[in-house]
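Contents: one structure, followed by commentary.
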Amino acid sequence: VRLLGLRDVLFGRKKLAEPRDDRLFSLTTAAVTMETELGLKPAGAAAVAFKPQSSGEFRSAFDEIDQLVEAVAQSSGSEIERKSDEFGFDWIIVRDPQLEDLVGAAHTLASEMTAKGFGPQLLAAMFRFDGGEHPVYWIYGFKRGAFWPFVPLGDQKRDNATELELKAKLEKELPVEQDLTRWLALFDAPV
Amino acid sequence: MLLTLALVLVLYAAIAIGVIALLFTASHIALYVIIVTGALIAATSIHAGGATNLILRAVGVESGEGAERPRAIAERLATQADVPVPSVYVMESAAPNAFTAGLRRGGAVIVVTDALLDSLDDRELEAVIAHEVAHIANRDAGVMTFASVPRMIGETLVSDQSNLYIFFFFIWPLGLPLLGVGSILTLALSRYREFAADRGSALLTGRPQDLMSALQRIDGVGHAIPNADLRGIGRAEALCIVASGGTRFALLRDHPPLEQRLARLAAMAREQGEAIGP
């Protein structure tokens, strides 16, 4: 958790926080515990959500990023899909049976967007796991550099008990967001 | 917890020594203290049924109507915990909460608010009732009553409104330390008993996560997992970047902070996943 700098406090924040994608990879080690202790397996799908800009600068930068992600996906045999949602966010969906490839694709997209100066547009990455009563998601917030669990039950409800169990069992190996009020939902996500 | 209990006993001994000393110096004050103590102990050890009825009338509890859902859960858990089945009442209140009354295990009463029934699902409600059943199994009402007598004596002495000089010179110096030390010890003990009841609930239900889920929901403001969508909050998030909520002075809390309770339950959830023994 980063603290606000003194300058931010005195003058107010001038820009959105830069993303942190360095902790994404801890999900691959945590996946072992998820399977042995909770019987949850990667569902072979992940997605990254970001807010597109209408500027030509963003469009041309994003075309380059898109091509790179596509190339990376082809080399690892992943499928890529693109979708927009009613909140005005774009999603890049990756399908691959290997969790490492899913994490790798999300990391490539995030680091390329950051390198091109569009890091603040990144919202979250989402990884799906199956094997329980309901699908389990780990959401990675790029701003906070932390994961939080999300178990939607349908009808805009979520299973807090399972989410808290996931936190309890995985917070030793996964950077889990400690502030529960930040565990925001991503209902009807395309994965 | 043992240390706190021992300190309570030391406090009782100090009162006894003080009273004996007074008997030789100022016997009328000693008599006053003895009578007050006696009255308090008598009042708190009224027959359990009578006492709980008093409590129920004081909080305006509905009769047992509409309590089928929590009653069925309480019956099951009480059998499991091997305590007499408590009566279950539903109280009208906008605040989701639950408490236990009754000095003896038999004749104990669990009161839940209708807001609690509305806001929790069956598993969460079971976890909260299991917490209350654990209070009954641990005889917490009795223990807390015993431990709070020094504080109540202190309160009685300090709240004496007579204008006699004797009041300032003798009663206050007697009452203030009793009130201060008694309060801190009672509150510390109460926090320990809460942790113990949380643990009992987790053992009874086998699912610490259900109590964790219920606690974050009941504790509500500034703690709960949101139902809002990450995409819908927009710029408001930037304003909330600094964690909200400060903690009250820890010594003066009767319940441990939510974070500590969740952390201990999380440790139990982890232990449950581990293989037992070599």
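Restriction of the trypsin sites (Lys or Arg not before Pro) in region A:128-189 to DSSP coil positions whose beta-carbon has at most 10 other beta-carbons within 10 angstrom yields A:Lys172.
Solvent exposure of region B:118-163 amounts to 40 Å² per residue of accessible area, where only protein heavy atoms count and the probe is 1.4 Å. Averaging the sequence gap over all C-alpha pairs within less than 8 Å and six or more residues apart, then dividing by the number of residues, gives chain A a relative contact order of 27 percent. Ranking B:Tyr32, A:Tyr140 from most to least accessible surface, computed with a 1.4 Å probe over the protein chains only, gives B:Tyr32, A:Tyr140. If the chain linking B:Ala263 and B:Leu251 were pulled fully straight, counting 0.36 nm for each residue of separation and taking away their Cα-Cα distance, it would gain 2.4 nm. Taking every protein chain into account, the 1.4 Å probe leaves A:Val94 with about 10 Å² of accessible area, to the nearest ten. Annotation for region B:78-158: GluC sites (Glu not before Pro) lying in DSSP loop with at most 12 further Cβ atoms inside 10 Å of their Cβ are B:Glu92.
To the nearest 0.05, how large is the calculated FRET efficiency for B:Glu155 and B:Ala72 if R₀ is 35 Å and r is the Cβ-Cβ distance? Calculated transfer efficiency: 0.30.
Remark: region A:46-191 carries a charge dipole of roughly 420 debye about the Cα centre, counting +1 on each Lys and Arg Cβ and -1 on each Asp and Glu Cβ. According to the square roots a ≥ b ≥ c of the eigenvalues of the Cα gyration tensor, what is the shape class of region A:35-154, taking rounded for a/c under 1.5, prolate for a/b larger than b/c otherwise, and oblate for the remainder? Prolate shape, in that a/c is at least 1.5 and a/b is the bigger ratio. Once B binds A, the 1.4 Å probe can no longer reach about 2800 Å² of accessible area, counting both sides.
The values are calculated or read from the model by the stated rules, or taken from the named source; none is laboratory data. No experiment lies behind these values; they were computed from the predicted model shown. FYI the Cβ positions are ideal-geometry reconstructions off the backbone, even for glycines, and counts take in every protein chain you see. Just the protein is used for accessible areas: all its heavy atoms, side chains included, with ligands, DNA and RNA removed. Shrake-Rupley method; radii C 1.70, N 1.55, O 1.52, S 1.80 Å.
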